[in-house]
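The values are calculated or read from the model by the stated rules, or taken from the named source; none is laboratory data. The shown structure was predicted, so the numbers you read here are calculated from the model rather than taken from an experiment. Cβ placement follows ideal geometry from the backbone for every residue including glycine, while neighbour counts extend to all protein chains displayed. Heads up: the accessible areas ignore ligands, DNA and RNA and are worked out on the full protein's heavy atoms, side chains in. Shrake-Rupley method; radii C 1.70, N 1.55, O 1.52, S 1.80 Å.
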Protein chains: 2
Amino acid sequence: MASALISRQLALCLQKNLWLGSTGCRYVSKAAAKTQVEFDYDGPLMKTTVPGPRSQELTKQLGDIQNVGAVNFFCNYEESRGNYLVDVDGNRMLDIYTQISSIPIGYNHPALLKLMANPNNLSTIVNRPALGILPPENFPEKVTESLLSVAPTGMTRVQTMACGSCSNENAFKSIFIWYRNKERGHNTPSEEDMSSCMINQAPGCPDLSILSFTGAFHGRTLGCLATTHSKVIHKLDVPSFDWPIAPFPRLKYPLEEFSRENAQEEARCLEEVEDLIVKWRQKGKPVAGIIIEPIQAEGGDNHASPDFFRSLRSIARKHGCAFHVDEIQTGGGCTGKFWAHEYWGMDDPADIVSFSKKLLTGGYYQKEELQADKPYRIFNTWMGDPSKNLLLVEVLNVIRRENLLEEVARSGKALLNGLYELQAQYPGLLSRARGQGTFCAIDVKDSATRDRLLLQARDKGVLLGGCGDVSIRFRPALVFKEYHVHIFLNIFNDILALNK
Amino acid sequence: MASALISRQLALCLQKNLWLGSTGCRYVSKAAAKTQVEFDYDGPLMKTTVPGPRSQELTKQLGDIQNVGAVNFFCNYEESRGNYLVDVDGNRMLDIYTQISSIPIGYNHPALLKLMANPNNLSTIVNRPALGILPPENFPEKVTESLLSVAPTGMTRVQTMACGSCSNENAFKSIFIWYRNKERGHNTPSEEDMSSCMINQAPGCPDLSILSFTGAFHGRTLGCLATTHSKVIHKLDVPSFDWPIAPFPRLKYPLEEFSRENAQEEARCLEEVEDLIVKWRQKGKPVAGIIIEPIQAEGGDNHASPDFFRSLRSIARKHGCAFHVDEIQTGGGCTGKFWAHEYWGMDDPADIVSFSKKLLTGGYYQKEELQADKPYRIFNTWMGDPSKNLLLVEVLNVIRRENLLEEVARSGKALLNGLYELQAQYPGLLSRARGQGTFCAIDVKDSATRDRLLLQARDKGVLLGGCGDVSIRFRPALVFKEYHVHIFLNIFNDILALNK
């Protein structure tokens, strides 16, 4: 695909839209040309500070109905396009957070608009079925065209669910069912199993556990929350399970300078995993499964090496625990591969892979032996939403047609290189630039500065998200191209200069 | 609204479509005329047994991807209309189960098709926002027009969620947060609270409990499942919480003959509730909330008197427990009132009311003091789905415009009277006819006979659902009119005659 540098003149012209304040233009990044005619704006365009007056008015209205402490601003989704989110005050922002990483191919992609304008698809939207008992005629076809066409290696079975938390909750149940049947040696429960489970007691409701990691985020319903350990605000005051929590490696950057220390750190964490598995078995709460994110997102964009994950997968196998890879935030192409676990280079990467967000529907893939042995064990009224499958088919078509994984690899490289340059330029402010594809992050010297940078970026027309204590995470859509990277880098550089 | 008896001739003409077998026509029920031109078929029309060959072929296909043990048949939702579900073999069935009670105004209602064909609404479907941080401009308006317009007495606050289980899970969290802040006397957690919660331990993850009832169904994620006690298949092999379970009254029918016994039974259950609250407090696992369905659905359509619920509400208040009414199956008009708890006649019926299914979006109403004190405590990526709110606004318009609650009351009366007649006619086969609105049920002499009746009804073009051990539950859409009742009664009577 042609990708030429645009003239200095065009770069400046683009920048005109960007610089709203009186700060001088600190040009650091050469913008690449737009590669084709796209449904996208040319750059940010800010009319007010954010939230503007209309957003403030609506926040007040909604405040009579809900807690609005988390509301950033109100959006005009009709006017949003591609990588740009438009708010109700007419501000147009380059969106590098994309609804917490859940807009796969940008706003109002023409292919999706066309799909949903097709009268043949109306019925799917207005008649939501109970998929587990009465699926629509095209359901096997749409699941095959969508989810199965991107199934992780070794997985031929997939279960849709309504959201990420429900996906992990039901994946846990699949793991528990599989583990208990394995313990029994058959799948016929005893009378005692059946009577005790009805009153929440063992052996019918067994004391099994899921091993998770410090800094993990796997959702906020009570089962998921017992494996989430990223922030106090998620967990405080909610009853939980006594399940084991292993340390997730804290790698030192730059990786090439700390390879020995990082290998030691990973070995320490793996050893702790094995110790915990043994300890919890002795406590009478055997570890039925291990859940992990390929990159811990909410917890601070924490990475580990492919070796770490390969060893962990072996430990799971050795101890008879299911290995559940949570790709809810990493899945869907943002790392430059469709699944982040592809970087591990394994034929048998996992027993369960859960997804949501960019996949538009929640759900999980599973190996055949992990599938519940009887109907109605994994079940609820909706079991997903076929209208989301329909959208996903088209999203995947666009990803293939527009070679978006290659674009992500390219943009990701430009983004990470830009972050490296910025951290070299502002060593007291930035550190630990890291990432795969556009799934990048960088640390800021402290939490207050990080939060201030996020707000300043927003007022300059760039939407970013935080994660962990001091990190900024980059979660653009897959249509985030090299020239968007440069628009961002220029604005960000300008803001950093204000915060030296 | 005009509602005249149609001629014997038309009734017979309708029946022609119904009787497929060679059994004689046992006419018991006078059909009422269709009251207006409607988007509905005239009656069932069966071409094959169910599942037919095409359904069997698709089930085999889907079987390569998922457990299909629960699949009844595949549907042609495009051809389905009003009260009739059409399958992929061209069979047209009167649907009295409606996707486990989740189709509010029938299939392909013209008002919903029109709404979704409007290009202005496309953006809502293709750009799913993270509602908690970046709501669309029309969100306060749409929530006000939809959910708030039918808010239970005393409730002005509502939180949307993606499904029923997520609604209850998050409602529980709201309850726990509220309870702990009440215990503290303020909402500032201690250092110990904050550090212990990150590793799933008390006091940060406190040993609080939710009291539920035998036979209850509140969902299948791990928190909800700890309050669900209707069937072994839901609970077996899944770890749970040691939370108290009180007996739900088992009323004897006919109610008027057993008023003294039933009052005693309810008093016994209430006493047990208080005993359990005291006992669990002594165990160090205080009851933060009580959850109950106004009519236990999945558990067997178990009713209790308004007095029972009023007393229970008082007990909750007395002991400082939140009172959570789960209207996921009962809400939305099927009892003849929008909420089943309206039959209790209370100004302050609940602290939390959860919903899903017919409301199209999940969520819960709460009293102001139950709302989490800080943002991000009740939060997830999607927090519901605005495209469902859009549909709900129109569903409520149709309910009002077509006076559907009155229709439900009328049809429900006809249905229950018909069931009374049938159980009088087949005393060895049927008993305990009961219901409110069209939310009716009847018991069959044993489980095997019940299951056989359901299949025979399906082959004659009537879709019904089972619940509990021996019950048949009726869950038609709100557009189920008196003449649909008579179509059903005629077919059902015919089947009963085969099973005498």
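Simple point charges give the picture: +1 on the Cβ of Lys and Arg, -1 on the Cβ of Asp and Glu, and for the range A:449-500 a dipole about the Cα centre of about 40 debye.
Note down the relative contact order for chain A as a percent, whole number, built from C-alpha pairs under 8 angstrom at least six residues apart. Spell out each step's value before the answer.
Working: 947 pairs, mean separation 107.9, N = 500.
After rounding, I find 22 percent.
Using a probe of 1.4 angstrom and keeping all protein chains present, the accessible surface of the range A:420-477 works out to 32 square angstrom per residue.
Toward the positive end of the charge dipole of the protein assembly as shown, with +1 on the Cβ of Lys and Arg and -1 on the Cβ of Asp and Glu, the farthest Cα among A:G412, A:F258, A:S240 is that of A:G412. Averaging the Cα positions of each part gives two centres, and for the range B:183-241 and the range A:209-282 these lie 21 Å apart.
With every protein chain kept in place and ligands, DNA and RNA left out, what is the accessible area per residue of the range A:38-178? Probe 1.4 Å, answer in Å².
Numbers: 4060 Å² over 141 residues.
Result: 29 Å² of accessible area for each residue.
The angle between the Cα long axis of helix B:404-425 and the main principal axis of chain B comes to about 70°, on a 0 to 90 degree scale.
Pairing chains A and B buries close to 10600 square angstrom of accessible surface in total, based on protein heavy atoms and a 1.4 angstrom probe.
Full extension of the segment from A:A267 to A:T48, taken as 0.36 nm per residue of separation minus the current Cα-Cα distance, would add 73.7 nm. Projecting the Cα atoms of A:P249, A:I277, A:I290 onto the charge dipole of the range A:247-305, computed from C-beta unit charges around the Cα centre, puts A:I277 farthest toward the positive end.
Any idea of the accessible area per residue across the range B:253-392, 1.4 Å probe, to the nearest Å²?
On the way: 4560 Å² over 140 residues.
For the range B:253-392, the per-residue accessible area is 33 Å².
Histogrammed with a bin width of 5 Å, the alpha carbon distances of the range A:290-373 distribute as 3, 15, 25, 28, 18, 9, 2, 0 percent, first bin at zero. Look at the dipole of chain B built from charges on Cβ: of B:N67, B:V143, B:A316, the Cα furthest out on the positive end belongs to B:N67. Each copy carries a label point for A:N417 at 7 Å from Cα toward Cβ; from one copy, the others' points are 8.2 nm away, ordered from shortest.
Look at the stretch A:112-125: the mean tally of other chain Cβ atoms within 10 Å of its residues' Cβ atoms is 5. So what does the Cα-only Debye profile of the range A:65-162 read at q = 0.17, 0.18, 0.20, 0.23 Å⁻¹, as log10 I(q)/I(0), no solvent term? Result of the Debye calculation: -1.05, -1.09, -1.14, -1.20. With each label modelled as a point 7 angstrom along the Cα→C-beta vector, the A:L455-A:N397 pair spans 4.5 nm. Put simply, when A:318-330, B:323-335, B:455-467 are sorted by average Cβ atoms within 10 angstrom per residue, most first, you get B:323-335, A:318-330, B:455-467. For the range A:388-500, the relative contact order works out to 28 percent when only alpha carbon pairs closer than 8 Å and six or more residues apart are counted. Close amide H contacts of A:A433 (hydrogens built in the peptide plane, cut-off under 5 Å, sequence separation of 5 or more or a different chain): A:D443.
Report the full-extension gain for the segment B:E274 to B:Y376: residue separation times 0.36 nm, less the Cα-Cα distance, to one decimal in nm. List each step's numbers first, then the result.
On the way: separation 102, 0.36 × 102 = 36.72 nm, distance 3.39 nm.
Gain on extension, B:E274 to B:Y376, equals 33.3 nm.
Efficiency by 1/(1 + (r/R0)^6): what FRET value for A:R260 and A:D469, r their Cβ-Cβ distance, R0 = 25 Å, to the nearest 0.05? After rounding to 0.05, the efficiency reads 0.45.
The magnitude of the dipole of the protein assembly as shown, with charges of +1 and -1 set on the Cβ of Lys/Arg and Asp/Glu and taken from the Cα centre, is near 760 debye.
Principal-axis analysis of the Cα atoms of chain B puts helix B:447-459 at an angle of about 60° to the longest axis. When you restrict to C-alpha pairs under 8 Å that are six or more residues apart and normalise by the size of the range B:158-290, the relative contact order lands at 24 percent. With the alpha-carbon atoms of the range A:306-426 aligned to their principal axes, the span from lowest to highest coordinate is 58, 40, 26 Å, starting with the largest.
Efficiency by 1/(1 + (r/R0)^6): what FRET value for A:T153 and A:E369, r their Cβ-Cβ distance, R0 = 22 Å, to the nearest 0.05? Could the numbers behind the result be given before it?
Values: r = 16 Å, r/R0 = 0.72.
So, using R0 = 22 Å, E works out to roughly 0.90.
Here the ratio of the Cα radius of gyration of the protein assembly as shown to 2.2 N^0.38 Å is 0.94.
Each 10 Å bin, from zero up to the one with the longest distance, holds this percent of the alpha carbon pairs of the range A:149-218: 16, 37, 34, 12, 1. The same position B:R400 in the other copies lies at 4.7 nm from this copy, comparing label points 7 Å beyond Cα toward the beta-carbon, shortest first.
Helical content of chain B, expressed as a calculated mean residue ellipticity at 222 nm, amounts to -11500 deg cm²/dmol (DSSP H runs of 4 or more residues, -39,500 (n - 2.57) each, divided by residue number, nearest 500).
Between A:K445 and A:A497, the simple spin-label model (points 7 angstrom out along Cα→Cβ) gives 1.9 nm. Taking label points 7 Å from Cα along the Cα-to-Cβ direction, A:S314 and B:A424 give a separation of 7.8 nm. Plainly put, chain B has a radius of gyration that is 0.98 times its Kirkwood radius, both from alpha-carbon atoms, as the Rg/Rh ratio.
Overall shape of the range B:205-259 was characterised from the C-alpha gyration tensor. The equivalent ellipsoid obtained from it has semi-axes of 28, 14, 7 Å, in decreasing order.
Note on the range A:369-500: Cα-Cα pairs beyond 19 Å make up 58% of the total pair count.
Rounded to the nearest 20 debye, the dipole magnitude of chain B is 800 debye, with +1 charges on Lys and Arg beta carbons, -1 on Asp and Glu beta carbons, and the Cα centre as origin. Scaled to the globular estimate 2.2 N^0.38 Å, the Cα spread of the range B:191-298, given as radius of gyration, is 1.28. Cα axis of helix A:386-401 to longest principal axis of chain A: angle in degrees, 0 to 90, nearest 10? Approximately 50 degrees, to the nearest 10.
With a cut-off of 13 Å between beta carbons, the residues surrounding A:L463 carry a summed charge of +2, where Lys and Arg count +1 and Asp and Glu -1.
To put it simply, the accessible area of the protein assembly as shown at a 1.4 Å probe is 51 percent carbon and sulfur. Residues within the reach of a label modelled at A:K283 (point 7 angstrom out along Cα to beta-carbon, backbone nitrogen below 13 Å), restricted to the range A:301-330: there are none.
Stokes-Einstein diffusion coefficient for the range B:382-453 at 25 °C in a medium of 0.890 mPa s, Rh from the Kirkwood formula over Cα pairs: what value in µm²/s? Reported coefficient: 167 µm²/s.
The mean count of C-beta atoms from other chains within 10 Å of the C-beta of residues in A:95-102, rounded to a whole number, is 4. Coupling constants for the range A:268-285 follow from the phi torsions by the Karplus curve (6.51 cos²θ - 1.76 cosθ + 1.60, θ = phi - 60°), and in residue order they are 4, 5, 5, 5, 4, 4, 5, 4, 5, 4, 5, 4, 6, 5, 5, 6, x, 10 Hz; glycine and proline get x. Interface residues of the range A:348-384, defined as those with an accessible-area decrease of at least 30 Å² between the chain by itself and the complete set of protein chains (probe 1.4 Å), are A:K357, A:Q371, A:P375, A:Y376, A:R377, A:F379, A:T381, A:W382.
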